[in-house]
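See below for the structure under consideration.
The values are calculated or read from the model by the stated rules, or taken from the named source; none is laboratory data. Only a predicted model underlies this, so the values are computations on that prediction, with no experimental measurement involved. Here the Cβ is made from the backbone with ideal geometry for all residues, glycine too, and neighbour counts use every protein chain on show. These accessible areas exclude ligands, DNA and RNA; they are computed on the full protein's heavy atoms, side chains included. Shrake-Rupley method; radii C 1.70, N 1.55, O 1.52, S 1.80 Å.
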Amino acid sequence: MLQPRRMVGALLDNIGKVIVGKEEAIEYALIALLCRGHVLIEDVPGVGKTTLASALAKSLDCSFRRIQFTPDLMPSDVTGFTLVNFKTGEMEFREGAVMSQVVLADEINRTSPKTQSALLEVMEEHQVTVDGVTHALPQPFIVLATQNPGEFVGTYPLPEAQMDRFFLRISIGYPTIEQEMDVLDRYSGAVKPMETILPVCSAQDVIAMQDMVTQVYCAPEVRSYVATIAAATRKEPALQLGASTRAAIALIHAAQACALLDERDFILPEDVQHMALPVLCHRLILDPEARMKGVTAEQVVSRIMKNTIVPVKL
């Protein structure tokens, strides 16, 4: 029988060869993979965003493509296009870079909103429609997108619809002095750590674990707890835009994955609390006045979680 905790442990160890001391960020990315979701890795340049995404891709025995998002990137470069075969006279579909199981969308906010929107159908429906013809994407499918903070030069803010399609957002942050010394030691040799990473999980293993996540039981009290949290964000004065229904569904799925990794077949409120910040915060839009006062989405969600009654009897 497939053991998700052991499989995730193998992936954590494998990715840990190149990412030092960031186990929580890695585990969040793996939870998104188990939930058929997509990951937005947001942080300053040079802390390992692309390295994390590449290491996860190399740890899976799946097809992988990297898209470097630049201002001149066209939507057809992402989704593909059709052209006439002059030998046969028939229209042929040429695959875009997104036709892969693991897609690294590197620096996604450095391309135009028009090209960003090419990923909307891809991320939600796991398919591409070109000239009226729909093409299914290979499974499992995950988009690992990286972006620099919005105030950096040359960036375009991702639209709300795009942000809502990311299952969760994570940041890596700067390492401690001890962690950075470890990184310097690993990267000072002739063999680069990324070259030592080999696949430890097959596509069939990932799909099997994804199916197991959906079988984790969610009690009505937990569903009510999640719905109450989502409703509270929509009434929060500090927020201009609260959590969508898609966000509430994502929070349930994330809690299911947490329970599965804890070798349980049911969700506890603690699972919801553990995943609330990475799942909800990037989907919320602060009121301008609250933003001026230095309020963050993380603070708002933490306050809502503190004020929401936790179900005791499940």
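Within the set LEU104, LEU120, LEU83, the sole residue that is in contact with a helix residue (DSSP H, G or I) (Cβ under 7 Å, 6 or more places away or on another chain), of a type outside the set (Gly, Ala, Ser), open to solvent by 10 Å² or more (accessible area, probe 1.4 Å) and not in a loop (DSSP other than H, G, I, E, B) turns out to be LEU120. Test THR146 against the stated conditions and say whether it is in contact (Cβ under 8 Å) with a residue 60 or more places away in the chain, at negative phi and not in a helix (DSSP H, G or I). Answer is yes for this residue. State which residue is nearest to the chain's Cα centre (by Cα) when the search covers only the range 43-79 and only residues that are among the small types (Gly, Ala, Ser) and surrounded by 21 or more Cβ atoms within 10 Å (Cβ to Cβ). Restricting to residues being among the small types (Gly, Ala, Ser) and surrounded by 21 or more Cβ atoms within 10 Å (Cβ to Cβ), the top hit is ALA53. The helices (runs of 4 or more DSSP H) located wholly in the range 246-312 that include 1 or more residues which are polar (S, T, N, Q) occupy 269-280, 297-307. Scanning the range 270-314 for residues that are charged (D, E, K, R) and under 19 Å from ALA25 (Cβ atoms) gives ASP271, ARG283, GLU298.
Here GLY37 meets each of (1) part of a loop (DSSP other than H, G, I, E, B); (2) open to solvent by 20 Å² or more (accessible area, probe 1.4 Å); (3) in contact with a His (Cβ under 8 Å, 6 or more places away or on another chain) with one exception, condition (2).
When restricted to residues that are hydroxyl-bearing (Ser, Thr, Tyr) and touching a strand residue (DSSP E or B) at 6+ places or on another chain (Cβ under 8 Å), the range 266-303 contains 1.
Checked against the criterion of being touching a Ser or Thr at 6+ places or on another chain (Cβ under 7 Å) and either of a type in the set (Val, Ile, Thr) or under 18 Å from PHE167 (Cβ atoms) (or both), the candidates ARG246, ARG283 yield just one match: ARG283.
Scanning the range 192-219 for residues that are of a type in the set (Val, Ile, Thr), farther than 15 Å from ILE31 by Cα and assigned to a loop (DSSP other than H, G, I, E, B) turns up ILE197, VAL200. The set of residues from the range 175-191 being in contact with a helix residue (DSSP H, G or I) (Cβ under 8 Å, 6 or more places away or on another chain) and either outside any loop (DSSP other than H, G, I, E, B) or in contact (Cβ under 8 Å) with a residue 40 or more places away in the chain (or both) comprises PRO175, ARG186.
Let's see how each residue does on (1) crowded, with 17+ Cβ neighbours inside 10 Å; (2) on the phi > 0 side of the Ramachandran plot; (3) among the polar types (S, T, N, Q); (4) without any contact (Cβ under 8 Å) to a residue 12 or more places away in the chain:
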site	(1), (2), (3), (4)
SER202	no, no, yes, no
MET209	yes, no, no, no
VAL216	yes, no, no, no
VAL222	yes, no, no, no
VAL226	yes, no, no, no
ALA230	yes, no, no, no
ARG234	no, no, no, yes
ALA238	yes, no, no, no
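Of all the residues in the range 22-34, those that are open to solvent by 20 Å² or more (accessible area, probe 1.4 Å) and over 30 Å from GLY154 (Cα atoms) number 2.
Taken over the range 43-80, the residue count meeting the criterion of being touching a helix residue (DSSP H, G or I) at 6+ places or on another chain (Cβ under 8 Å), closer than 30 Å to GLY154 by Cα and part of a loop (DSSP other than H, G, I, E, B) is 6.
Only one of the numbered conditions (1) at pLDDT below 95; (2) over 21 Å from the mean Cα position of the chain (by Cα) is violated by LEU241, and that is (2). Within the range 17-27, being more than 14 Å from PRO4 (Cα to Cα) and either under 15 Å from the mean Cα position of the chain (by Cα) or free of Cβ contacts under 8 Å to residues at least 12 places away in the same chain (or both) holds for GLU23, GLU24, ALA25, ILE26.
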